[in-house]
Amino acid sequence: MSVITVSRQQGSQGVEIAQAVASRFNYQYVDKEKIGVALADCGLPKEEFEKLDEKKPPFWDSWTIDRNKFFHHLQTVIYGFARKNNVVIVGRGGQILLKDLPGVLHVRVIAPFDVRMRRVMEEHGVKEKQAFRLLQRSDEDSAGFIRSFFKLDWEDPSLYDLVINTQKLSVDTAIMMILEALQAPEIKEGGKKTERKLADLILSQRVESTLMVLLGMGVAYVNIHVEEGVVTLEGAVTSGAELANCERAVAGIEGVERVNNRLSVTRVNLFVT
C-alpha cells in the first residue's frame, strides 16, 4: 500500500512533481478539484468548498458551524482516498490527518521566495509586484489553514519525511528522491498496517456524522474511539433518552462490531459558556 501526501509552496513546482509522481507510478492524483467533487457528494456544495478551502484564520470568525462541518467532511474524504491505495494527495492537511499512519510518505516541496516569484512571473505573465502579492496571499492562507484547524506550523519540518528544495533540484530529481523514499523498509512494511487503521478512522467519521444528527452541537461533548470495529463512546449527554439513542444508532452503523457506551447524563446545560 502506498500513500503520498505532498505539501507545497506556490511556485515551488510541487504540483508538477506530485502530478509527475502520480503519472510515473500510475497512482491516483487527488487535488483540490477531486476533493471538491468528493465533498459535494458528502453534501457540501462546491460554492461552500471554494469559500472554506485553505483560508487563513480571520475568515473563520463567523463560520464556526460551517467550519466544523467542512472539517468533518474533509477528514472523511481524505481518509477515503487514502484507503483506495496508490494515491498522491496534494494539500488540504493530508500530512497531518494521515500523520499517525504507518507506510504513508509525507513530502514537502519548497523553494526560496525570489525563485518562486520568478517562476510565477514567467508562468502567469505577471509583473513582480503582482507575483509578490500572489505568493504572499498563498503562503498566508495555507499557513493559516493549518494553524487554524490543527494548531501546527505549516513549515515545521517534523511534519514531513522528505523536504525537497527545488531551487537547484529538477522535477526529475525530485521524482527519483520520492521513489527512493518509497522503497525504504519503514515505508513499505508500514503500509501493511495502514488499511485497518484507515478503516477505523473512516468508521469514526461515520459515527460522528450519526451523532451530529442526534446531538447537534452536543456532539462536541462526546469522545469517539474506534479500534478494529469496536466503538467506545465517552463524554456527556443531557438525558437518558439521548444516551440510549446514541448507543442504538451507533450499533446500527455498518462496520460496527460492538459499542462500549461510557456516556454519562448531566443536568448541566452543556451549551452555556
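The values are calculated or read from the model by the stated rules, or taken from the named source; none is laboratory data. Values in this document were obtained by computation on a predicted structure and should not be read as measured data. Reconstructed Cβ throughout: ideal geometry from the backbone, glycine too, with neighbour counts over all protein chains shown. The protein model used for the area step is the full one, side chains on, heavy atoms only, and it has no ligands, DNA or RNA in it. Shrake-Rupley method; radii C 1.70, N 1.55, O 1.52, S 1.80 Å.
Observations on the model:
- Residue that is hydrophobic (A, V, I, L, M, F, W, C), assigned to a helix (DSSP H, G or I), open to solvent by 20 Å² or more (accessible area, probe 1.4 Å) and within 30 Å of residue 20 (Cβ to Cβ), where the choices are 243, 179, 169: 179
- Qualifying residue in the range 211-226 (condition: among the β-branched types (Val, Ile, Thr) and open to solvent by 80 Å² or more (accessible area, probe 1.4 Å)): yes
- Look at (1) at pLDDT below 90; (2) in contact with a Gly (Cβ under 6 Å, 6 or more places away or on another chain) and you find that residue 271 fails only one, number (2).
- Test: residue in the range 203-226 that is farther than 22 Å from residue 70 by Cβ, outside any loop (DSSP other than H, G, I, E, B), in contact with a helix residue (DSSP H, G or I) (Cβ under 9 Å, 6 or more places away or on another chain) and without any contact (Cβ under 8 Å) to a residue 40 or more places away in the chain: yes
- One residue from 79, 29 being modelled with pLDDT of 70 or more, under 28 Å from residue 193 (Cα atoms) and outside any helix (DSSP H, G or I): 29
- Residues within the range 93-106 that are under 19 Å from residue 141 (Cα atoms) and in contact with a helix residue (DSSP H, G or I) (Cβ under 6 Å, 6 or more places away or on another chain), tallied: 4
- Residue identified as modelled with pLDDT under 90 and either more than 29 Å from residue 114 (Cβ to Cβ) or touching a helix residue (DSSP H, G or I) at 6+ places or on another chain (Cβ under 6 Å) (or both) among 7, 62, 23: 62
- Of everything in the range 105-157 that is open to solvent by less than 20 Å² (accessible area, probe 1.4 Å) and assigned to a loop (DSSP other than H, G, I, E, B), the residue that is modelled with the lowest pLDDT is 154.
- Number of residues in the range 227-240 that are over 21 Å from residue 203 (Cβ atoms) and open to solvent by less than 30 Å² (accessible area, probe 1.4 Å): the value is 1.
- Criterion: in contact with a helix residue (DSSP H, G or I) (Cβ under 8 Å, 6 or more places away or on another chain), of a type in the set (Lys, Arg) and open to solvent by 80 Å² or more (accessible area, probe 1.4 Å) - qualifying residue of 188, 197: 188
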